[in-house]
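To start, the structure under review is shown below, and the notes come after it.
The values are calculated or read from the model by the stated rules, or taken from the named source; none is laboratory data. Fair warning: this is a prediction, and the values are worked out from it, not measured in the lab. Here the Cβ positions follow ideal geometry from the backbone for every residue, glycine too, while neighbour counts run over all protein chains shown. Calculation scope for accessible area: heavy atoms of the full protein, side chains included, ligands and nucleic acids excluded. Shrake-Rupley method; radii C 1.70, N 1.55, O 1.52, S 1.80 Å.
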Amino acid sequence: MTSDNRIGPPNFGSERDMLRAFLDYHRATLAMKCEGLTDEELRQQSMPPSTLSLLGLVRHMAEVERAWFRRVFEDNDAPMVWSDKIDFQAAYDASASTRSEAFEAWEAEVENSRRIEREAESMDLAGYQPRWEEEVSLRMVMVHVLLEYGRHNGHADFLREGVDGTVGA
């Protein structure tokens, strides 16, 4: 990691501003954990039997963004990015992936998620989560995706350390 260019969340603000800022902070954290690495390093897997890699995490988070924003609020039948069925594990297989492919897909989904959130009149916007067959609020989706990033950024910490010894933010 060459630099930390993340913008920290504010100490005060509305619920929406806080959720938006923390989500963007965690998105930036994942990108930062991948900074300065080659495609081969990004594909480097953790310890067996796990096949987890930094690039696999980026691909997985593209699926998460799509499943929780696009599929809930725009198109319940939108296909996943890397599987024909709802298989979040498929994204973890980054063996033939490149930084360009993974980040292009992830960044496109992040931008779509941001647009959906910005256009929503309130955090109470209801969408339909097809996997649960239930309605959920934008608030719930933002919290859920934030928790996904928090968990996977913890994985990214260990993965990055395993690749080149880099630790810290």
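Overview of results
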item: Loop-located trypsin sites (Lys or Arg not before Pro) in segment 56-146 whose Cβ has at most 14 other Cβ within 10 Å (DSSP); result: Lys85, Arg131
item: The chain: most fluctuating residue of Met123, Met142, Met61 per GNM, C-alpha cutoff 10 Å; result: Met123
item: Accessible-area composition of segment 50-133, carbon plus sulfur, in percent [1.4 Å probe]; result: 45 percent
item: At most 12 other Cβ within 10 Å, DSSP loop - chymotrypsin sites (Phe, Trp or Tyr not before Pro), segment 1-90; result: Phe12
item: Surface per residue (accessible, 1.4 Å probe) for the chain, Å²; result: 52 Å²
item: The chain: angle of helix 15-34 to the longest principal axis, Cα-based, in degrees nearest 10; result: 20 degrees
item: Top of Asp17, Asp157, Asp39 by mean-square fluctuation, Gaussian network on the chain, Cα under 10 Å; result: Asp17
item: Solvent exposure, largest accessible area first (probe 1.4 Å, DNA, RNA and ligands not counted), of Glu40, Glu111, Glu117; result: Glu40, Glu111, Glu117
item: Helical mean residue ellipticity (222 nm; -39500 (n - 2.57) per DSSP H run of 4+; nearest 500) of the chain; result: -17000 deg cm²/dmol
item: With Cα atoms, 0 to 90° folded angle of helix 138-164 axis to the chain main axis; result: 0 degrees
